[in-house]
Amino acid sequence: MKIKLDGKTIEVVGKKTILEIAKEHGVDIPFLCNHPDICVTGSCRICVVRINNENRCRSACDTVAVEGMDIITSDPEIEKIRKTNLELLFSQHREECEDCVWNPGCKLLELAEKYEVKINKYVDRKDHYPEIGFGGIVEFDSSKCIDCRNCIEICKKQNVSFLEMEGKGHLFEVVPAKDRACVYCGQCIIHCPAGSFESVGEFEGVEDAFKGSGDENIVFQIAPAARVSISEEFGLDPGTVSTGKLISGLKKVGADKVFDVSFGADFTTIEEAKEFLEKFKDDDLPLFTSCCPSWVRFVEFYYPRFVDNLTTVRSPHIISGAIIKSLASDPEKTTVVSVMPCVSKKYEIRREELKVNGLNPVDYVLTVREVGRLFRNKDIDFEKLPDSSFDDPFGSASGDAVSYGVAGGVMEAALRQAFFMKTGKKIKEKNLKERSDFSFELEGKEIKTKKISGLSQAVKVLEGLKKYPKLFDYLEFMSCPGGCIGGGGQPMPTNEDIRKKRRKGLISTGTDKKWKSAFENDSVSEIYKQLKSKKDIFHTSFRAERNPENINKKWPIKNRLKSKTDGLKI
Amino acid sequence: MILKKIKEASLIGRSGSRFPVHDKWESFLKNGGRGYLICNAAEGEPGAFKDKFLLKNEIDRVFEGIDVVNNFFQIEDTFFYVKKKYYKLFKAELLERSKKRGVKIKLKEDRYVAGEETAAISSIEGKRADPKGKPPYPTGIGLWGKPTIVHNLETFYAISEIAKDNYNGERFFCITGDVSREGVFKLKEELSIKEVLQKTGNYPDFEFLVQAGGGAGGIFISEMNIDQPCNGLAVIEVYKKNDFDKNKKMIEISNFLMYGNCDKCTPCREGIYRINEMLKKGFDEKIFNELLSVLEKSSYCPLGKNASKVFKSLISVDEN
């Protein structure tokens, strides 16, 4: 069909919103709340346009173009409406720019500048609103919330529905539900246009790891998905691989050693393959992956009947952290910091049952955003950093291990391993890679597998398994859309386009590895030999937990004194 | 055939938005003629009580109207969306008639906006009663994505009258405020406000102004201009001019809207809040006009758009 966009006739194929069409044609319509991951809420009213010369405006985000539509994206009245609505949005948003996850790159400020908005035109309505902590992992600063409800939408899409609306006086506000549990996936953080959500430590805690007595050995380990996305923190294109620069940067800020979490992943693969084969032998399948801590928490709280299906094998950075400490000359004086695309890993490292000889395998988790901030704090010119390599002796991982960062990677790796262990042959690659569900034959039995990323998909599959327990034999679950590349600790913005680019970049780092699979990695067997007690390091336990009181502990609420705004002037 | 009769009668929906009933039906037919039917008895408008009147006095005519629609279209389910207060008042009568027909009753949330047709759809779907954007219109994509006809309760009454060839273009007017005979009156719909007041014995013998269309959504009209029909909802509220306090009225309306809206879109949530604030703390005409403009031109649903019209009419009621 044909429509007119700012006077120019264009051809549109399929059902598309005006905002999508404008984007495709390079026409800039400003917006705040729209995010392609969630159904349109249409709340901010910044993307207003004029259609067919109507007196009133319509939002471009939720208006689908139809044949003959005449769209004007900017005129003096439209611009004025955008400006007034921006001023109203600022009137409920307490500026706290220094500490914000959108800094740099805040869209609110960018638009304020463009529209010459007086951001303090009205007295901040939410000045005294509280900051609410979810289990000490995710923090919601309600004084910054612009009520777009994206957080509620994404939380609902994740089937967690922990965030909900509550009527307070004349207003409806975002609050945590009393009978639900947050699983710390952090999707609220990356879908909030106002920076109201952050993970604990953002950004006041980014240097905590260096604040010891000074004689610690500070060891960093980098998750697969972080080595690609860190580039975005410094304005490089999504998908750019920056492993070498990330290592150099960490060394520059004080890391004594920098290792690759992927070497831990090779152990996870081997151990998980063993468990799979045991369960296969005992006819005790299905087996679920468990390296995503939000997924584990989701099962423990919402689907406790499936707790025994979770593999007891620990996640890669917990294994590698424990190996680092076990082989260190002074484990007590070794600080392990994991760089993760994830918020939930901050929760995982606090789990008591993961301690080895009384020590936490990992002491700190920094999100990719936090590492970006750490480098900026230290005035590191990221692009000019030299490329360094991971330190030995854990420098070598298989290509499969790197793929842990993309949806499907964990299970694929374990299946290659298991197939090889059982048959001495390599599994057929075609089906393995291309499909979200595929089956293969092992000792005459059909093994049905499924890969799920995003908790929205997980519920459908779990409900299916309730009815038909033998529906699948092995399943990979990742809480975030696209797996860790779409994690809650990733740079802002994150969306499907960006996730795709990160995925491509990450897969490219795996293909040049010396070994494809864990069973080909010689250094793994070397380390196995050096470790004394293996059980402690490789396996863990889970518990069904139904009581929200216990799992949430009470929300710590910090009441803000009615006081200062930063008074940021433009 | 009933559609033809309705078209000939030029029946306008009684919700206040003045949408021709036959247009709705034709659109529903165009979209397959199968789906859901909703009878909207939400009546959240201050000063409106004709739905209550009809439930009390003409409930059978209303259900006959529902039957007419059901007989004409392939309706999978009919929902009776009713204000909680009315449900309590007429529970036995409603249950008896709805059970017989398999009509499902759904109680409306106590929020003004919950009476809007797309909000009613959200509510029946089990979600918060928030409005949805139009288009798509409910006759195309309505309840659970299926074509849906939503009519005001009074519209069903009129449909039943048309089916029985009893219809003569009358509707139910609510007269309230500083009047001697407050109540519901059945009169020709094209009558002017003046005629309605005269015919019902309510024409004041003092200087006055009226709000026509409802206590929150109706516009203010001065005595000189009441020679016009009552557009929108047929609610006429009369105010003694000498006792009328514009600022107080504006605060009252903005308070009502602040509590009654869904808080979804910026102009309605923040704009009405700031209007309310400035009425209490200090008026700024320039900002006031800016806020009215975003309400009128950019709010998500008709509530905000209409609020601007109401405020504008109130500000200028002395001049018009």
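The values are calculated or read from the model by the stated rules, or taken from the named source; none is laboratory data. All values derive from a computational prediction rather than experimental measurement. Heads up, the Cβs are rebuilt from the backbone with ideal geometry, glycines too, and the neighbour counts pull from every protein chain shown. Quick note on the areas: whole protein, heavy atoms, side chains included, nothing else; ligands and nucleic acids left out. Shrake-Rupley method; radii C 1.70, N 1.55, O 1.52, S 1.80 Å.
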Folded to 0 to 90 degrees: helix B:302-315 orientation relative to chain B principal axis, Cα: 30
Calculated from backbone phi, Karplus (6.51, -1.76, 1.60) coupling profile of the range B:128-145 in Hz, x at Gly/Pro: 4, 7, 9, x, 10, x, 10, x, x, 7, x, 5, x, 10, x, 4, 6, x
field: Set B:188/B:248; B:199/B:309; A:126/B:249 screened for pairs whose C-alpha atoms are more than 31 Å apart
entry: B:188/B:248
- request: Find the eigenvalues of the gyration tensor of the Cα atoms of the protein assembly as shown, then list the square roots of 5 times those eigenvalues as equivalent ellipsoid semi-axes, largest first, in whole angstrom.
  value: 59, 31, 23
field: 1.4 Å probe, heavy atoms, protein only - residues of the range A:52-76 losing at least 50 Å² accessible area vs chain alone
entry: A:56
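Determine the per residue accessible area of chain A with all protein chains present and a 1.4 angstrom probe, expressed in square angstrom.
On the way: 22860 Å² over 570 residues.
Normalised by residue count, the accessible surface of chain A is 40 Å².
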Phi to ³J(HN,Hα) by Karplus 6.51 cos²θ - 1.76 cosθ + 1.60 over the range A:26-38, Hz, x for Gly, Pro: x, 9, 8, 10, x, 8, 10, 8, 5, 9, x, 6, 10
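What is the range B:170-243's relative contact order, in percent, from Cα pairs under 8 angstrom and six or more apart in sequence?
Values: 151 pairs, mean separation 27.4, N = 74.
37 percent.
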statement: Once amide hydrogens are built 1.01 Å from N within the peptide plane, the residues lying 5 or more places from residue A:171 or on another chain with amide H under 5 Å from its amide H are none
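Could you quote the convex hull projected area for the range B:246-315, Cα atoms only and averaged over all directions, in nm²? Each step should come with its number before you reach the end.
Values: hull surface 15.4 nm².
Reported value for the Cα convex hull: 3.8 nm².
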query: Can you put B:49, A:306 in order of accessible area, largest first, using a 1.4 Å probe?
result: B:49, A:306
task: At a Cα cut-off below 18 Å, give the lysines reachable from residue B:91, other chains included and same-chain residues fewer than 8 away excluded.
output: B:50, B:52, B:56, B:83, B:99, B:100, B:104, B:106, B:108
message: Residues of the range B:247-270 that become at least 30 Å² less accessible with every protein chain present than in their own chain isolated, using 1.4 Å: which are they?
response: B:258, B:259, B:263, B:264, B:266, B:269, B:270
- line: Using the Kirkwood formula on alpha carbons, the hydrodynamic radius of the range A:54-204 in angstrom works out to 17.1
- prompt: For the range A:2-74, which whole percent of the accessible surface, found with a 1.4 angstrom probe, sits on carbon and sulfur atoms?
  reply: 52
- request: Nearest 100 Å² is fine: how much accessible area is buried between B and A, summed over both sides, with a 1.4 Å probe?
  value: 2800
query: Full extension from residue A:123 to residue A:440: what is 0.36 nm times the residue separation minus their Cα-Cα distance, to one decimal in nm?
result: 107.7 nm
- prompt: Could you give P(r) for the range B:2-163, binned at 5 Å from zero, as whole percent values over all Cα-Cα pairs?
  reply: 2, 9, 20, 25, 23, 15, 6, 1
query: Once the Cα atoms of helix A:409-423 and of chain A are each reduced to a long axis, what angle between those two axes, in degrees from 0 to 90 to the nearest 10, is obtained?
result: 20
query: In Å², what does the accessible area per residue of the range B:246-315 work out to with a 1.4 Å probe?
result: 35
query: In nm, to one decimal, how far is the modelled label at residue A:308 from the one at residue B:5, with both set 7 Å along Cα→Cβ?
result: 6.7
message: Per q in 0.08, 0.14 Å⁻¹, report the Debye log10 I(q)/I(0) for chain B, using one uniform scatterer on each alpha carbon and no solvent.
response: -0.37, -1.12
- line: Among residues of the range A:26-50, a drop of 30 Å² or more in 1.4 Å probe accessible area, assembly relative to the chain on its own, occurs for A:41, A:43, A:45
Rounded percent of accessible protein surface that carbon and sulfur make up, the range B:246-315, 1.4 Å probe: 55
query: With every protein chain kept in the model, how would you rank B:259, A:302, B:203 by accessible area, 1.4 Å probe, largest at the top?
result: B:259, B:203, A:302
- line: Taking N as the number of residues in the range A:114-196, the ratio of its alpha carbon radius of gyration to 2.2 N^0.38 Å works out to 1.16
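Given Cα positions, please report Rg to Rh for the range B:3-93, the hydrodynamic radius being the Kirkwood one.
On the way: Rg = 14.0 Å, Rh = 14.4 Å.
Computed over Cα atoms, the ratio is 0.97.
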field: Karplus-derived HN-Hα couplings along the range A:130-143 (A = 6.51, B = -1.76, C = 1.60, θ = phi - 60°), whole Hz, x at Gly and Pro
entry: x, 9, 10, x, 9, x, x, 10, 10, 10, 10, 8, 5, 6
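Given the -39500 (n - 2.57) contribution per DSSP H run of 4+ residues, what per-residue ellipticity at 222 nm results for the protein assembly as shown, rounded to the nearest 500 deg cm²/dmol? Working shown, then result.
On the way: 33 runs with 326 residues, N = 890.
It lands at -10500 deg cm²/dmol.
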query: Once the whole set of protein chains is in place, how much accessible area is left on residue A:124, using a 1.4 Å probe, in Å² to the nearest 10?
result: 10
message: Quick query: amide H of residue A:292 versus all other amide H atoms, modeled in the peptide plane; which residues come in under 5 Å with a sequence gap of 5 or more or a different chain?
response: none
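Using a Förster radius of 51 Å, what is the FRET efficiency between residue A:332 and residue B:125 based on their Cβ-Cβ separation? Nearest 0.05, please.
Numbers: r = 58 Å, r/R0 = 1.14.
Given R0 = 51 Å and the Cβ-Cβ separation, E is 0.30.
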field: Other-chain or far-sequence residues with amide H under 5 Å of residue B:235's (modelled H)
entry: B:174, B:213, B:214
message: Over chain A, what is the relative contact order in percent, taking alpha-carbon pairs closer than 8 angstrom and at least six residues apart?
response: 19
query: In square angstrom, what is the accessible area per residue of the range B:2-163 with a 1.4 angstrom probe?
result: 41
